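A.B. asks: First the structure, which I've put down as structure tokens, then a few questions once you've had a look.
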Amino acid sequence: MLELLWSEGGMDSTRYRVLFPVKTPLMPRPLQLVDLTVVEQRIFDVVLGPFLHDVELVNITFSGVVLTVMEANARGFNIQDQVFQNGSKSFRLNVPFTDTLVVRTQTDLLATMYTLPIIYGFMIVPEYVAFSYVTSVQVTFQDIVLPTVTGSCDKEQFYITISNGNLGVDYNIMLGTRDLNQELRAEYGIRDNGTHLTLAVPFLSLDVAFELMYSTSLRARVDVLVWEPVSKRSLSDFSLACNFPMTMTECFSNGSMSALAVKVESVPQLVPKNLRLQDPSCRPKFSNDRFAYFSFDANSCGTTRTFYDGVMMYQNEITSGDGLQVFQQANKELASISPDYRVTVSCFYTLNETQMISFTSQPLVRAPMVETGYGELHVVMRLALDGSYSNFYAEEDYPVARYLRSPLFFEVMLLQSTDPRIELVLENCWATVNEGRESTPRWDLIVDGCVNLGDTRRTHFHSVTPEMAQYPTHVKHFEIKMFTFMKDSVVSQDQIFVHCDAVLCAVNQADGICQRQCPSPNPLNSRNKVRRDVANDRFQRTLLSSGKIRLSSS
């Protein structure tokens, strides 16, 4: 609007107004993105605005995925309009860190960077003019919980517990110097419940380091390293050392001593088999890569004896001998730092008092006599799977099912004897329906040491060779055919039990049952048969019975 005001010759003022259309340029109002994210809440919280009332939010694109406002809210996002008093408005967006559209990047061992790329899609109504706004929100949060290792001990084992944390990747476990493969995991009984992993490690395991040895215990240590195989980064490092009861020295009343030497961590070059006592000729009775065991008399191997305060002390020393010196000469750079290995072995005996005893000798008036001693020898009877007599049915396998006329291979064996002059003889063997040895009916298989020639399906003895048994005379093998007891041509019972009487004889003994003179395979001849009479009753018999053997119908 233009207004003119004037006056002439004292006349009244004249006012003249002219209206012109006037346009001013628009004032720029750039959008502002405000990041209100609180990382501890693990939710992105951003506000974009201000907008005029005619702007509508149509969709949002996250990492290439386009979602409408309704779809985003249904997914668990929260999109709201915020209207102000002047008529303008803004849009507020909440997205949880855990959504798959959020890009996660591990920046270091304990921190994760969360990135949310956003493209807002707007529309101006009613003109339906579209425009967009591109931005990205990024936060870093120390939210990674690494695996942790704890442990305890008892008198025999280490118990290790590994908490998996939330790293979300597979990790490797190194025990000592070895990574645990599937075989070692099974050996140590590893259990994983999803959050924790547990294992038990015996203190004598190869993966355990020995630190120190004491007179009655051994200090051992287990080292556990949890590491990530891709980046080769260590996630957790743990060591646990405990003292385990272990007898290192034993003193016996007969004047002998024993000692155990252990290869400890501080002497890695030690070879236990090269250890020796004060007398270099006294070497270990047993040794391996970690232990050496000595057993010797108190008056041998350079053992010294000392008396003091009513106590007699025998003492010796285990040293590395020439083996360690040879190693040091071959590795001169280590000779100055390689320690010597010495273990002192001591036995103490209390001195009560000294007794003086006088005696005189007289000529021997009679020959020395041997006192009769008594002991027990055990004989067992077993049923073999086949004629090789290499595998046998165990007690829990009974009752055993076999087909009619199928062979049954029995073994009777003397146990706990190393005397080759003893021979095991089967005096009588028979079969019964019931478990009782004296039950009826019964069928004779071996009578007075010989097969029952009256049996149409004759029992067969099989020879025992030195390849089958260390002492062949201590073992007897015989074979029968599976049969069943009949009554009026009908099977009365579908099971049998086999019983035997066994006698132990001297190999060169030629009387009674030990003579074993059996008739030829002709009809039974009583004149050649050893009768079961008074001559046989003076032998000590062992009574044997098999388990139940059932007739198989299929």
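A.B. asks: Mind sorting 58, 38, 412 by how few other Cβ atoms lie within 10 Å of their own Cβ, fewest first?
C.D. replies: 38, 58, 412
A.B. asks: While we're on this one: How far is the Cα center of region 234-275 from the Cα center of region 403-423, in Å?
C.D. replies: The two parts, judged by their Cα centres, are 45 Å apart.
A.B. asks: Near residue 23, which aspartates and glutamates are there with a Cα under 20 Å away, not counting those fewer than 8 places off in the same chain?
C.D. replies: Candidates past the 8-residue exclusion: 3.
A.B. asks: Hey, got the dipole for the chain? About the Cα centre, +1 on K and R Cβ, -1 on D and E Cβ, debye to the nearest 20?
C.D. replies: Charge dipole, the chain, about its Cα centre: 1540 debye, nearest 20.
A.B. asks: In percent, how large is the relative contact order of the chain, given Cα pairs closer than 8 Å and 6 or more residues apart?
C.D. replies: Averaging sequence separation for qualifying contacts and normalising by length gives 7 percent for the chain.
A.B. asks: When Lys and Arg each count +1 and Asp and Glu each count -1, what net charge do the other residues less than 14 Å away from residue 181, Cβ to Cβ, add up to? Display every interim value, and only then the final one.
C.D. replies: Values: positive: 178, 185; negative: 170, 179, 183, 187, 207.
So the surrounding residues net to -3.
A.B. asks: Quick one: which residues, 5 or more positions from residue 317 or on another chain, have an amide H under 5 Å from its amide H? H modelled 1.01 Å from N in the peptide plane, none for Pro or chain starts.
C.D. replies: Those qualifying (amide H under 5 Å, at least 5 residues apart or on another chain) are 278, 345.
A.B. asks: Sticking with this structure for a sec: Of the options 49, 315, 200, report the single residue whose Cα projects farthest towards the positive end of the charge dipole of the chain (beta-carbon charges: Lys, Arg +1; Asp, Glu -1).
C.D. replies: 315
A.B. asks: Still on this structure: List 45, 207, 297 from most exposed to least, where exposure is judged by having the fewest other Cβ atoms within 10 Å.
C.D. replies: In order of increasing Cβ crowding within 10 Å: 297, 45, 207.
A.B. asks: Mind running the shape call on region 32-141? Use the C-alpha gyration tensor, a ≥ b ≥ c as the square roots of the eigenvalues: rounded below 1.5 for a/c, prolate if a/b tops b/c, oblate otherwise.
C.D. replies: prolate
A.B. asks: Same structure again: Normalised radius of gyration for region 160-286, please: alpha carbon Rg relative to 2.2 N^0.38 Å, two decimal places.
C.D. replies: Rg over 2.2 N^0.38 Å, computed on Cα atoms: 1.39.
A.B. asks: Say the cut-off is 29 Å between C-alpha atoms; which of 232/263; 155/263; 155/232 go over it?
C.D. replies: Long pairs (Cα-Cα over 29 Å): 232/263; 155/232.
A.B. asks: Go ahead and estimate [θ] at 222 nm for the chain from helices alone: -39,500 (n - 2.57) per DSSP H run with n ≥ 4, summed, over the residue count, rounded to 500. Mind showing how you got there, number by number?
C.D. replies: Details: 5 runs with 31 residues, N = 554.
Mean residue ellipticity, 222 nm, calculated: -1500 deg cm²/dmol.
A.B. asks: With a 10 Å Cβ neighbour count serving as the proxy for reagent exposure, in which order, fewest first, do 212, 93, 57, 206 appear?
C.D. replies: Working: 212 15, 93 23, 57 20, 206 12.
If I rank by nearby Cβ atoms, fewest first, I get 206, 212, 57, 93.
A.B. asks: Determine the relative contact order of region 32-141: mean sequence separation of Cα pairs under 8 Å and six or more apart, normalised by residue count, in whole percent.
C.D. replies: 27
A.B. asks: In addition: Taking K and R as +1 and D and E as -1, what net charge do the other residues with C-beta under 9 Å from the C-beta of residue 302 add up to?
C.D. replies: -2
Read-outs: derived from the displayed coordinates by stated rules, not from any lab. As the structure is a computational prediction, the values presented were derived from the model and not from experiment. Don't worry about glycine lacking a Cβ; one is built from the backbone with ideal geometry, like all the others, and counts go over all protein chains shown.
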